[in-house]
Each structure stands twice: as C-alpha cells, then as structure tokens.
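Worksheet: one structure, shown below.
Please treat every number below as a calculation from the coordinates, not as lab data. The structure displayed is predicted, hence computed values, not measured ones. Methodologically, a virtual Cβ is constructed for each residue, glycine included, from the backbone with ideal geometry; neighbour enumeration extends over all protein chains shown.
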Amino acid sequence: MDFPTQLKGILRQDVLEDAHDGQVELVEDQPQRGHPMKYTVAGLRDETAIVDLRKLGHLGGLAETGDLRKICDFLLVGPVGDEEQCYAVLLEMKVTLGGDSKPREQLRRSRPLLKYLRDVCAVQYSNSQRVELRYVIVAERQSERLDKQATRPRGRPGRDVLYKDIRIRTFVGRSSGFADLVE
C-alpha cells in the first residue's frame, strides 16, 4: 500500500480535502481581506492525499510560547504523472509574497509533523516508504513595497529560496500543476 493511501487510512475525513478531476482548490480564510484566498493545484493522481494541516494541528501538549505550534496550511502527498516516486509537498498560502520569514519558518516547523505521520503509517501498516519532501509558498501577488523588505534576496516567483536548512519554491498566481510544485 502506498503512503498516500496509508495517510487516508489513518486520518479523519474532516482533515482531508477531495480532489475532483485531477485538481483541488485549496482555500484559506483571510478574515482581514473579507474573502478567502484560493489556489488550485492540478495534475493530481487519484491516490494523492491532501491534508489540511490547520485542522490536524500540532501535538496538543506543545507549549504555546514562541513559534512551536506554527505550521503551514496544507500537505499534499502523491506521485507525479506516471512516476512511482512519492512526493510530499508542505504548502503555505500567503496573499502577498514578500521578505517576511514567518511563512518560511512555518514550513520548516511542519517537517516534524510529516515525519510523525510517516512513522504512524509505518507502525500501522508495518512498512515505511520513502518520500521526497518539497517546501512551497504560494501567493496571489508579489509585494511591491520597497520599504521594510528583507535585506536578503527573496528570489523570484517559481524560483528556489534557501532558508536555514531547507529549499523553498515560491509561486505567484492562483494555480499550478503538482509537477511544478515538486520539480
């Protein structure tokens, strides 16, 4: 049994998102904007698991100090095209792509949650599967502000940005293919 199918077997239905016709529309409520941010990921195979990490949350016993409990918005797990290789994409949604390190830190702090889910699947199904991990930030637009920007280069949309020990791909727009997220 593949890892996405295992994930679907251990998680409650209310934390899983459904793909229709090979695509999913991810939604993040933005109360300050008055309407939700939506991002469509296409090119998904039927077995792809889409997990709303905000509903899953981090371990309840973690202290609420600092950024310990901050995690990204979604986890997408599945193969690409005809490949058998399984990819896991930790995805953070932002309205504006800027120099703020908070979304990058949320991605970095989500990795232990993925490792935990893999370990639960390994115990439940008596096997462990290899997963290629990717980190992605998607935004509706690029920041146009010149002041208060980070002094480090942010990278261009669709390009990689290094943050501490991870490589993060950034996208600006309202949709992309799953293959683009994992390349």
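Counting only DSSP H runs of at least 4 residues, each contributing -39500 (n - 2.57), and dividing by the residue count of the chain, the helix-based mean residue ellipticity at 222 nm comes to -6500 deg cm²/dmol. Modelled this way, with points 7 Å down the Cα-to-C-beta line, the labels at Arg12 and Arg54 are 1.7 nm from one another. Extension gain for Ala122-Asp180 works out to 18.1 nm (0.36 nm per residue, less the C-alpha to C-alpha distance).
Taking Cα atoms only, the orientation of helix 102-125 departs from the longest principal axis of the chain by about 0 degrees.
Identify the residues of the range 75-93 with backbone N under 12 Å of a label point that sits 7 angstrom from the Cα of Asp2 along the Cα-to-Cβ direction, or state none. Only 77-88 fall inside the zone, counting backbone N under 12 Å. Relative protection proxy for 12-22, 87-97, 101-111, 171-181, from highest mean packing down: 87-97, 101-111, 171-181, 12-22 (other beta-carbon atoms within 10 angstrom).
Over the chain, the Kirkwood radius and the radius of gyration, each from Cα atoms, give a ratio Rg/Rh of 0.95.
Summarising the strand pairing of the chain, around 55 percent of its internal DSSP beta bridges are antiparallel. Between Thr65 and Asp29, what FRET efficiency comes out of the Förster formula 1/(1 + (r/R0)^6) with R0 = 22 Å and r the beta carbon distance, rounded to 0.05? The calculated FRET efficiency here is 0.30.
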